[in-house]
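What follows is one structure encoded as structure tokens, with my remarks underneath.
The values are calculated or read from the model by the stated rules, or taken from the named source; none is laboratory data. Please read all numbers here as calculations on a predicted model, not as lab measurements. Positions of Cβ are backbone-derived with ideal geometry, glycine not excepted, and every protein chain shown enters the neighbour counts.
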DNA sequence: TGATTTCCATACCGTTCCGCATAAAATAGA
DNA sequence: TCTATTTTATGCGGAACGGTATGGAAATCA
């Protein structure tokens, strides 16, 4: 049973819970991030969050529901980060470079090995067998494409002449995809930077 | 124990095996392709190949070894297909479009849902926890980059002036990456084509 | 034909999986 | 202090997991 959040003033009746749901969700996401959905057991999640299985079940439901919650959280965080980066002032080239640099830093994080993007690195595999995951990923990609396209459309004089912002927006997302995949296979910072610099050079090419 | 392949003339002593190892390997790959490594059980593999577990074990070793064999096979097939496509005559633009069209067709195949690229769709997830998989993927990406770069370098007059074939080669691979990921999330043929046409337009842009 | 070699099918092993049932612990209100 | 209510802890149970032992079936050589 999912916890009932006290709507108005906080009046918890019984024993207060000894954990922070947002923190636990982040720790569960980190566990999934390392090994993917199928290879992460409830014991792994329990160890990562410090909660035992009944508490996990009470807070988030079963393993699949917990995973979907981490995906949704990652989706909103990723979009918020992108919107923030796209709203920064300065020339388009610098805006894009800063976004990709930030993404690469996240993708290269990880305790033992680089983790890449959480969505690309774990949800893409589940996407074939699970329509729910597939739908979420499709939404995220569409939102990324649209966010990039809107920003590109706002700077037509910094794009190649006659370019279609929509199409270039998809290419901007494609750069994120390749960074996510390559980071998870261990690519170092220099090679990632070379790739997104080349991509930005194509998108922001003025003759 | 792995089967000893008769080296010279075929002199099988005892009962000949009733299956074709190459076919079984392809069927096992299809099973992994759908659900990924961790979510595919030995029962799934047994059903997909028609072999029972002891035969599977005798032919390919344990589950991990079988998966590595499918990865290696996919690697060689993918590289051979790319080299073949790159060696086709005609303008660079047409060569690249044909390659991406062929890749999209493969990525969109699948009985229930589109499967994307086998390596991207299944091995990227395992890459963090498994150095062996990680190394193989890193090799493949490097080989793809190099193959594209070599072909691009052979047509400098079809590239943007002053462009670096090496950097553009990485972008050519990036287009494959985004096609692989988006196909696995259900993108239709038109949207995939729009993406690779935009990408080819950037790579083959003459002012 | 008989012996030998290899393949195949059944069944089992110990482990791990996910989910839940039950009981103890901790707080608020009476 | 005592009761009600919610969270935590322990541990169980049925199922599925990966891997293997064992015995029978099939095909070839002598």
>> Just to verify a result, which residue in segment A:44-73, among those that are surrounded by fewer than 20 Cβ atoms within 10 Å (Cβ to Cβ) and outside any helix (DSSP H, G or I), is nearest to the other protein chains (Cβ to nearest Cβ)?
In response: A:62
> If a residue has to be assigned to a helix (DSSP H, G or I) and in contact (Cβ under 8 Å) with a residue 40 or more places away in the chain to count, how many in segment B:27-43 make the cut?
Replying inline: 5
>> Within segment A:131-162, take every residue that is outside any helix (DSSP H, G or I) and in contact with a helix residue (DSSP H, G or I) (Cβ under 8 Å, 6 or more places away or on another chain) and give me the one that is surrounded by the fewest Cβ atoms within 10 Å (Cβ to Cβ).
In response: A:155
>> Every residue in segment A:175-207 that is assigned to a helix (DSSP H, G or I), surrounded by 18 or more Cβ atoms within 10 Å (Cβ to Cβ) and within 7 Å of chain B (Cβ to nearest Cβ), please.
In response: A:175, A:177, A:178, A:181, A:182, A:184, A:195, A:198, A:199, A:202
> Is it the case that residue A:150 is on the phi < 0 side of the Ramachandran plot, more than 8 Å from chain B (Cβ to nearest Cβ) and modelled with pLDDT under 95?
Replying inline: no
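Residue-by-condition table, conditions (1) part of a helix (DSSP H, G or I); (2) without any contact (Cβ under 8 Å) to a residue 60 or more places away in the chain; (3) surrounded by fewer than 23 Cβ atoms within 10 Å (Cβ to Cβ):
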site: A:89; (1), (2), (3): no, yes, yes
site: A:94; (1), (2), (3): yes, yes, yes
site: A:98; (1), (2), (3): yes, yes, yes
site: A:101; (1), (2), (3): yes, no, yes
site: A:106; (1), (2), (3): yes, yes, yes
site: A:110; (1), (2), (3): no, no, yes
site: A:122; (1), (2), (3): yes, no, no
site: A:125; (1), (2), (3): yes, no, no
> Hey, does segment B:108-126 have a residue that's modelled with pLDDT of 95 or more, within 16 Å of DNA strand D (Cβ to nearest atom) and more than 13 Å from the chain's Cα centre (by Cα)?
Replying inline: yes
> Given (1) more than 14 Å from chain B (Cβ to nearest Cβ); (2) within 16 Å of DNA strand D (Cβ to nearest atom), where does residue A:41 come up short, assuming only one miss?
Replying inline: (1)
> Taking segment A:48-64 on its own, how many of its residues are touching a helix residue (DSSP H, G or I) at 6+ places or on another chain (Cβ under 7 Å) and within 6 Å of DNA strand C (Cβ to nearest atom)?
Replying inline: 2
